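Shown next, in structure tokens, is the structure this report addresses.
The values are calculated or read from the model by the stated rules, or taken from the named source; none is laboratory data. Predicted, not measured: the structure shown is a model, and the values here were computed from it. Every residue, glycine among them, receives a Cβ derived from its backbone with ideal geometry; neighbour counts consider all protein chains shown. Quick note on the areas: whole protein, heavy atoms, side chains included, nothing else; ligands and nucleic acids left out. Shrake-Rupley method; radii C 1.70, N 1.55, O 1.52, S 1.80 Å.
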Amino acid sequence: MTRSIIFTAVLAALALSACEKATVITPPPAPAAVVTVPGPAGPAGATGATGATGTGETGSTGATGSTGATGATGYTGSTGDTGAQGERGRTGGDTIVVVPAK
């Protein structure tokens, strides 16, 4: 068992060392940034064409609703009883009212 593991490790090392190693390529340095200054603004462009007018029909007006029924008239109440008649008043007596002067 020990020999088979050692044999496999040696075989793997030989197989991997036979592979071609990748060549490292270093890219050239980036050129210096060029700063551009914008020029004057150009003339305004032509006005675009007007869009087409939409087509379609206007919807119809809805029907008027019907009038509701009139409510029934309420009952008339009964007439109340006549109240009792009071006694006749008496004529005055000997009462004198004195109003003080200021």
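Let's see how each residue does on (1) surrounded by 10 or more Cβ atoms within 10 Å (Cβ to Cβ); (2) within 43 Å of the chain's Cα centre (by Cα):
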| residue | (1), (2) |
| --- | --- |
| Phe7 | yes, no |
| Ile25 | no, no |
| Gly39 | no, no |
| Thr50 | no, yes |
| Thr70 | no, no |
| Ala101 | no, no |
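Beta carbons closer than 9 Å, at least 6 apart along the sequence or on distinct chains, never pair a first residue in region 75-89 that is open to solvent by 100 Å² or more (accessible area, probe 1.4 Å) with a second that is of a type in the set (Val, Ile, Thr) and modelled with pLDDT of 85 or more.
If you check Ala12, Ala30, Ala46 for being without any contact (Cβ under 8 Å) to a residue 60 or more places away in the chain and surrounded by 10 or more Cβ atoms within 10 Å (Cβ to Cβ), only one passes: Ala12.
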